[in-house]
Amino acid sequence: MKNGIHPENYRLVVFKDMSNDEMFLCKSTADTKDTIEYEGETYPLVKMEISSTSHPFYTGKVKLVDTAGRVDKFMSKYKKFAK
């Protein structure tokens, strides 16, 4: 590895999957303003929409995420074409 190209400011950070509330702790340089209490300590918090604990590739379960009723809007728009 080349010297001087990697960040030096690694610290313990909690990553939280917002779809299933799973959390894990690892070192990261991610900037965040949020903090969370995890296992009796306070750590910086990075919120994620999806992680390996909720991604269909890893879980084997298909999950439909609907934001702002887009699926319902699509279904009602194209209902007349259904057989």
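Just to be sure, is Glu22 more than 17 Å from the chain's Cα centre (by Cα) and closer than 30 Å to Lys61 by Cα? Against the criterion (more than 17 Å from the chain's Cα centre (by Cα) and closer than 30 Å to Lys61 by Cα), Glu22 does not qualify. Within the range 7-27, the set of residues being aliphatic (A, V, I, L, M) and farther than 14 Å from Glu41 by Cβ comprises just one member, Met18. Restricted to the range 25-57, and to residues there that are of a type in the set (A, V, I, L, M) and open to solvent by 50 Å² or more (accessible area, probe 1.4 Å), the residue that is farthest from the chain's Cα centre (by Cα) is Leu25. Just one of the numbered conditions (1) surrounded by 10 or more Cβ atoms within 10 Å (Cβ to Cβ); (2) at pLDDT below 90 is not true of Lys16: (2).
For the range 4-13, taking the residues that are modelled with pLDDT of 90 or more and open to solvent by less than 80 Å² (accessible area, probe 1.4 Å), the one that is farthest from the chain's Cα centre (by Cα) is identified as Arg11.
The values are calculated or read from the model by the stated rules, or taken from the named source; none is laboratory data. Since the model is a prediction, treat every value here as computed from it, not as a measurement. Backbone-built Cβ (ideal geometry, glycine too); neighbour counts: all protein chains shown. Areas reflect the complete protein model, heavy atoms only, side chains present, ligands, DNA and RNA absent. Shrake-Rupley method; radii C 1.70, N 1.55, O 1.52, S 1.80 Å.
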